[in-house]
Amino acid sequence: MAYDFEMQSCARRARHPLAAACALLCASAALAQGPGQAAADAANAANAGDADTQLLAQAAPGARTRAPALKEMVISASREVQDPDTLPMSIDVIDAGRMEREQASDIREMVNLLPNVDVPRAPARFSLAASSAGRDQNSGFNIRGLDGNRVLMLVDGVRLPRSYSFSANSFGRDYLDLGLVQRVEILRGSTPALYGSDGMGGLVNFVTVQPDDLLGRDKRIAGRVAAGYDGSDNGRKLGATVAGRVSPEWAWLLSAGLGRSRALENMGTNNVTGAARTTPNPEKDRSESLMGRLVFTPSAVQKHVFTFENVDKRADYALLSARSATVANSDSRTDMKRWRASWQGQWQQLGTALADELQLMASYQKSDAREFVTETRIGLPYRERDVTYDEDSIQLHAQASRLLRWSSSASGKFTYGLDYLRNKVVNVQNGITPPAGESFPLKRFPDTTESATALFAQAELHNGPWSVTPGLRAEHYSIKPRQNGFVPTVVSNSDSALSPKLGVMLQASPVWSVYGNYAAGFRAPNAGQINAFFENPVAFYRNIPNPDLRPEKSQTFELGLRGRMDRLRLDAAVFTGRYKDFIVDQQLVAGQPGNAANPAIYQSINVGRARISGFELKADYDWGRWAGGDWQTRLAYGYTDGKDTQSDKPLDTISPQQLVLGVRYERSVVGVQFNVSHWSGKKAGDVSNGSTAWLSPSATVLDLSAQWRIRPDLRLNAGIYNLTDRKYWRWSDVRGLLATTAIADAYSQPGRHARVSLIKDF
């Protein structure tokens, strides 16, 4: 659940996979003719502005300032709209109202107050690559100690591109603009039973804004304009969204965003040119986003959503820290572009023997990532590196569900469906002055088509206070490369996986419930791991393909407790996971580096077994009214421990424990929030190379923010973050640094900074 101080906004309500999906589509068209036509579906969700309007309308002298809580719904946990309190799993929901109040301008700021969830910065790139430590940009999510492509990221149920890194090149996954997002759902724990490969650590689904989020029940046209400033990177953002209802059947929405910023600030003070530099390199960032949406609701039981989304980000760097005795000047540019077109159709109340509800989705998505680096060298040839990583994907989804009832106390729902994914992956490296022994253009892996076909089924069974949710997914994936002159001979890879899950919940009393769940998961290898190739004949080493690479596997367990009392909301969970066949890239498998007679051979390989366990606690308490306003407190705590059980060494991806304490004061037009975040220090015994690693110390950070609701349609947000100007580090950014490093400050977090935003609804 979203542990928010204000009212929560209500969310809106194989072999021939293409032929199978088309058959389901044709069947749905026939089924949809059965139900009679009714009035258009009424919108029942309130946006952040509407929630404030309700709050103000109900506020009166001596009365409580909060409206009754509206039920929050999620879709990611079961791929259907459900109350998260009825689901046997840990879920966090961050809605647009909360992101607005906390002024979260990117995914990293969005999860700062969620223990056991983190967003590492992207690894150092270009000629700065010396470790996995990160200085800038966002690489993706870390959930309960698993990160990278082990966490599945979606936008409206469509998979986001994966991260990719090879040598000095690294591409993250931040193809997003939060200005287009209405709600973010974060599922902790394994999710392949519902979504297939990659969700071993969890899932993050970004649900974009719908016309009804602005229009409500009775508006024919509505919109929102937002402008903001973030002192952590001198960022300025402007966004505008407008929606309209042409008729009861047709509604539309257009949203656009524009951002400009500089380098992410840190607490470094050494402003020299060269490797000793700790202050940020000069940087100019820009971001542009556009989304158009058309919603057709021919009846109360049928709905079609057509979406076009485009996100374009660019960062230009002057790499002063890369200058040396042989490098006179170095500049770089990073581009990340993603666009998608999708259709989602929904039919309800079909009343057939096969289904009561039917959902179909088809999407096409293209993403392009590029790193371009120039180096003017002294006594050496001028050098350019132009590296691209592109994904071109088609995704199809068909899902049907049937209501079940055996008696007045026993009922359920059976859901089944089909998923198909086809992804074309391309990597090219070009430029001037190629690596020794190679010539441009070259590829680190061949052009590859990845595909996956899956059948899944899930049941939700209820009998009195008990509910049981079994599920099973059968998936077959294949990786088919194209030779096309690639050296060496390419290899294909394919396999199948069964991903079962089982959830059990007991509603022990009207306010207390307990749950447990088990899930098995997997992550298939990708094109860059199967066929990665690089050869340096001067240093006598090479990286070769591995045709025998197996998928990673997991088994996870979770036990949880929920309390929903009048003033107290409590969630606690313990979890543990067992993992095997982790894929580790560029591992030495034969030979010796620098030995001409026995050159070193590197490969992506499956290694060992791992265990990850931990605990989470989240609580909100309403103290009632005092000093003219409403007082609430928040507590959140997360602890995770992980170990490679084969080598008996700690897992370096585990972040230290985090404690969040917060207080919020609410009046009719003003809300003030004070948060304290504490991170424990990383100990040598918690790191695989603890004797030589740089360890992040403990830190306590204070944040103060406020919202002034000037009018029901106009809100001003302001805050001071890192109030005491504390120098601190996040472990996810510095892991991989050596204890001997002289530039640790380059990886520190921003000092004291302000954020301001103004939002106008119309």
Residues being touching a Phe, Trp or Tyr at 6+ places or on another chain (Cβ under 9 Å), within 20 Å of residue 149 (Cα to Cα) and buried (at least 19 other Cβ atoms within 10 Å of the Cβ): count how many of those fall in the stretch 526-560. 13
Report, by residue number, each residue of the stretch 727-747 that is surrounded by 21 or more Cβ atoms within 10 Å (Cβ to Cβ) and not in a helix (DSSP H, G or I). 729, 730, 735, 737
Evaluate the following for residue 755: is it modelled with pLDDT under 95, buried (at least 16 other Cβ atoms within 10 Å of the Cβ), within 25 Å of the chain's Cα centre (by Cα) and basic (Lys, Arg)? no
Hey, can you tell me all the residues within the stretch 576-622 that are surrounded by fewer than 16 Cβ atoms within 10 Å (Cβ to Cβ) and under 30 Å from residue 666 (Cα atoms)? 621
Residues that are in a loop (DSSP other than H, G, I, E, B), surrounded by fewer than 20 Cβ atoms within 10 Å (Cβ to Cβ) and small (Gly, Ala, Ser), drawn from the stretch 223-261: 231, 247
Being buried (at least 20 other Cβ atoms within 10 Å of the Cβ) and farther than 16 Å from residue 339 by Cβ narrows it down to one of 369, 410, 400, so name that one. 400
Using beta carbons and a limit of 6 Å, which pairs, at least six apart or on different chains, have the first residue in the stretch 269-291 and more than 26 Å from residue 340 (Cα to Cα) and the second one loosely packed, with under 13 Cβ neighbours inside 10 Å? 270/276; 279/271
Quick check, is residue 724 assigned to a loop (DSSP other than H, G, I, E, B) and either of a type in the set (A, V, I, L, M) or at pLDDT below 95 (or both)? no
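Residue-wise test of (1) under 26 Å from residue 120 (Cα atoms); (2) under 30 Å from the mean Cα position of the chain (by Cα); (3) assigned to a loop (DSSP other than H, G, I, E, B); (4) not hydrophobic (A, V, I, L, M, F, W, C).
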residue	(1), (2), (3), (4)
617	yes, yes, no, no
624	no, no, no, yes
640	yes, yes, no, yes
643	yes, yes, no, yes
659	yes, yes, no, no
664	no, yes, no, yes
Applying the selection to the stretch 461-512, what residues are touching a helix residue (DSSP H, G or I) at 6+ places or on another chain (Cβ under 9 Å) and among the acidic types (Asp, Glu)? 475
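Rundown of residues vs (1) over 20 Å from residue 614 (Cβ atoms); (2) β-branched (Val, Ile, Thr); (3) out of contact with any Pro (no Cβ under 9 Å at 6 or more places or on another chain), yes/no style:
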{"site": "645", "(1), (2), (3)": "no, yes, yes"}
{"site": "687", "(1), (2), (3)": "no, yes, no"}
{"site": "691", "(1), (2), (3)": "yes, no, yes"}
{"site": "718", "(1), (2), (3)": "yes, no, yes"}
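Residues are listed down the side, and each one gets a yes or a no for (1) outside any loop (DSSP other than H, G, I, E, B); (2) of a type in the set (Gly, Ala, Ser); (3) over 30 Å from residue 435 (Cα atoms):
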| site | (1), (2), (3) |
| --- | --- |
| 525 | no, no, no |
| 529 | yes, no, no |
| 532 | no, yes, no |
| 535 | yes, no, no |
| 542 | yes, no, no |
| 563 | yes, yes, yes |
I'd like to check something: does the stretch 304-318 contain any residue that is assigned to a strand (DSSP E or B), closer than 27 Å to residue 210 by Cβ and touching a Pro at 6+ places or on another chain (Cβ under 9 Å)? yes
In the stretch 188-208, which residue that is touching a Ser or Thr at 6+ places or on another chain (Cβ under 6 Å) and of a type outside the set (Ser, Thr, Tyr) is surrounded by the most Cβ atoms within 10 Å (Cβ to Cβ)? 199
Residues being over 30 Å from residue 392 (Cα atoms) and charged (D, E, K, R) - total across the stretch 320-357: 3
Of the numbered conditions (1) buried (at least 16 other Cβ atoms within 10 Å of the Cβ); (2) in contact with a Ser or Thr (Cβ under 9 Å, 6 or more places away or on another chain); (3) of a type in the set (Val, Ile, Thr), residue 700 fails exactly one; give the number of that condition. (1)
Given the conditions (1) surrounded by 14 or more Cβ atoms within 10 Å (Cβ to Cβ); (2) within 25 Å of the chain's Cα centre (by Cα), report the number of the one that residue 498 does not fulfil. (1)
Filtered residues of the stretch 445-470 (kept if over 30 Å from residue 193 (Cβ atoms) and surrounded by 21 or more Cβ atoms within 10 Å (Cβ to Cβ)): 446
Kindly list the number of the only condition in (1) modelled with pLDDT under 95; (2) surrounded by 15 or more Cβ atoms within 10 Å (Cβ to Cβ); (3) closer than 22 Å to residue 263 by Cα; (4) among the small types (Gly, Ala, Ser) that fails for residue 719. (1)
Please determine whether any residue of the stretch 478-496 is in a strand (DSSP E or B) and under 29 Å from residue 571 (Cα atoms). no
For residue 636: the one exception among (1) under 26 Å from the mean Cα position of the chain (by Cα); (2) more than 30 Å from residue 487 (Cα to Cα); (3) surrounded by fewer than 17 Cβ atoms within 10 Å (Cβ to Cβ); (4) of a type in the set (A, V, I, L, M, F, W, C): (3)
Take residue 683 and tell me if it is among the basic types (Lys, Arg), surrounded by fewer than 19 Cβ atoms within 10 Å (Cβ to Cβ) and closer than 22 Å to residue 142 by Cβ. yes
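The values are calculated or read from the model by the stated rules, or taken from the named source; none is laboratory data. Computed from a predicted structure; not experimentally measured. With ideal geometry, Cβ positions are generated from the backbone for all residues, glycine too; neighbour counts draw on all protein chains shown.
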